[in-house]
Every structure is written in structure tokens, then in C-alpha cells.
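The next block holds one structure in the form of C-alpha cells; read it before the comments.
The values are calculated or read from the model by the stated rules, or taken from the named source; none is laboratory data. Everything numeric here is computed off the predicted structure, so don't read it as measured data. Because the Cβ atoms are built from the backbone with ideal geometry, glycine has one as well, and the counts that use them run over all protein chains shown.
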Amino acid sequence: MSADRVVSCLKRLGADSLERKGGVSGIDIENDARALVNDLERYPHAFVLACIADRQTEANIVWSLPHAIREAASGFDFDTLLSLPKNVWASALASSGHWLATELEQLLPAAIRHIGNRYGGDASRIWADGSSGAAVARRFLAFDGVGLKIANMAVNILIRDFDIELAAPMPDIAVDTHVLRVFERLGLLGRLEHSPLSSTKNKQKLRLPLRARELSPEWPGEIDWPAWRVGKTWCHVRRPPDCHKCYMRSVCPRDGVTAHSTAGS
Ligand code: SF4
């Protein structure tokens, strides 16, 4: 099976799966919370705060977080957040269920200050007209607590779910363990089985975005979300993959998959 056919299938999955209603896809949260993170016109900082919080916690908790902060603050205007007392941030975050609530007590107010200082309180200037995908990712990276994974994820969401038009170079794939596992099993990223060293996985994580650039040079991040979805839905890590149900089954070589495939496969 050629890599081109596998990548085409991933891209079809990405196109088929989008909710096409506008806004962040793949989350199941209450309407008020969804409306807030999708309102890039009035509250672009809501989207930025959710992206910064998007780590080590279930997506529904992450994307509901701006709404929880709005409830605690009795508003979500930029100036309200800029002057929000520490104890209000702390209580909103503590009750959110986010695993890293204590860390976010520092990171989110710092993000609001950065938006104030650098963008005059208008976070949509991060993805201003005429920007390239790479430039927007670089701007996200300037926020405390944001690494390459979150920066690329944020820009890929803006393009994919909000139809924000950005120029080349477009953002990279967001490196994630689900995406890495799926790339290996789909035969898109050769395994490094010659090496018994524990650094092999880290080496693969470095190779992954380069491979995505080779496979989808016009927009490497386009294959990020469908690969993540395959990993999350069918291509399991702690139990055998559900190949018979998987969207990719007709093109997947199941590289490294055995009847007893687990985290190590
Ligand atoms: S067909 Fe099986 S091994 Fe291949 S991506 Fe799907 S679940 Fe994973």
C-alpha cells in the first residue's frame, strides 16, 4: 500500500468527521461553554486560554474551562479577566476538575497579561490577516506553558474548525503518542527496532513532524486530527486495536500489530 493512499484516506476521515457547524470539533460540552470558546469575534481570549489548558486532562474539561472562569468572574470581558483577583482564578480552576489546576493558576493570568501587553487585549491579533501558519504557531509559543504540541494544535484548530485563512508555511503536526502509534501502525513512520535504547520513542517523536511534512507538505497539520482520532477510537494502546471497525482498515498494513498488541507494540 502506498503512503499516498494511506494519507489520502486519513485526509478523507478528517474531512468526513468535521462537524462543519463551525468551531472546535470533537468535544461534547454544554451549549454555553461551547458558544464561548467558539466566539472568536467577542472572546478570542477564551480560545487561547482553552488551548493553553489543553494538556493531561480530558478535552471536555479543558474546553469548558473558560465558561467556568466566566461563571466565577461574572463576566468574560478582557478587562474583567485582567483585573481578576487570584482567589477567583483559584476557585474557578479548583472546581474545574483539571488535573493541572494549580499550574494553570499561574499560566492563565500570565496569558491574559501577555495578550494585554502584546496584542492590546485583542487575542485575535495572534492570527491577524496575512499571517502564516508558522508565524501564528510562533506567537502561541510565546505564552508561558505552551510548547510545540499546543502551538501547532492551536493553529491547526483555527484553520480546520474556524476556517481561518493562513499563508504558507502551514503548521506542523502536533506530536502526540496516539498520533505516533497510528503513524507507525499505518506504515507511515518506519520503526527504529534496531535500537534497544529507551530514547527510541523520543527519537520517533522528533522524526514524526518531519515525516508529516514529507507526506503532506502543503499542510502537515492536516493529518494530525484524523490520526489522533484513529488512535483514540480504534487503534488502542492498552488493548488490541479494533481493526475490523477502523476507518483505515482497507489501507492499513498493521505494522507491528499482533493478536496481543499493547502499549509496547
Ligand atoms: S486498521 Fe488496526 S492497526 Fe491499522 S490504524 Fe486501524 S486500528 Fe490501527
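Output the residues belonging to the stretch 188-224 that are outside any helix (DSSP H, G or I) and within 15 Å of the ligand (Cβ to nearest atom). Step through it out loud before you land on a result.
Keep residues of the stretch 188-224 that are outside any helix (DSSP H, G or I), which gives 188-199, 216-219.
188, 189, 191 - these are the residues of the stretch 188-224 that are outside any helix (DSSP H, G or I) and within 15 Å of the ligand (Cβ to nearest atom).
Being assigned to a loop (DSSP other than H, G, I, E, B), more than 8 Å from the ligand (Cβ to nearest atom) and touching a helix residue (DSSP H, G or I) at 6+ places or on another chain (Cβ under 8 Å) is the filter here; which residues of the stretch 230-252 pass it? Outline the logic, then answer.
So the first thing to find is which residues in the stretch 230-252 are assigned to a loop (DSSP other than H, G, I, E, B), and the list is 234-242, 246-252.
With more than 8 Å from the ligand (Cβ to nearest atom) added as a condition, the list becomes 237-240, 250-251.
Within the stretch 230-252, 237, 250, 251 meet the criteria.
May I ask you to verify whether residue 65 is surrounded by 15 or more Cβ atoms within 10 Å (Cβ to Cβ) and in contact with a Leu (Cβ under 9 Å, 6 or more places away or on another chain)?
Numbers: surrounded by 15 or more Cβ atoms within 10 Å (Cβ to Cβ): yes; in contact with a Leu (Cβ under 9 Å, 6 or more places away or on another chain): yes.
Against the criterion (surrounded by 15 or more Cβ atoms within 10 Å (Cβ to Cβ) and in contact with a Leu (Cβ under 9 Å, 6 or more places away or on another chain)), residue 65 qualifies.
Please state which one of 137, 128, 142, 227 is within 16 Å of the ligand (Cβ to nearest atom), within 29 Å of residue 107 (Cβ to Cβ) and either more than 19 Å from the chain's Cα centre (by Cα) or at pLDDT 95 or above (or both). First the steps, then the outcome.
Details: 137 fails: within 16 Å of the ligand (Cβ to nearest atom); 128 fails: within 16 Å of the ligand (Cβ to nearest atom); 142 fails: within 16 Å of the ligand (Cβ to nearest atom).
Going through 137, 128, 142, 227 in turn, the sole match is 227.
Testing residue 162 on (1) more than 30 Å from residue 46 (Cα to Cα); (2) among the aromatic types (Phe, Trp, Tyr); (3) touching a residue at least 60 places away in the same chain (Cβ under 8 Å), one condition comes back false. Which one is that?
Unmet for residue 162, out of (1) more than 30 Å from residue 46 (Cα to Cα); (2) among the aromatic types (Phe, Trp, Tyr); (3) touching a residue at least 60 places away in the same chain (Cβ under 8 Å): (1).
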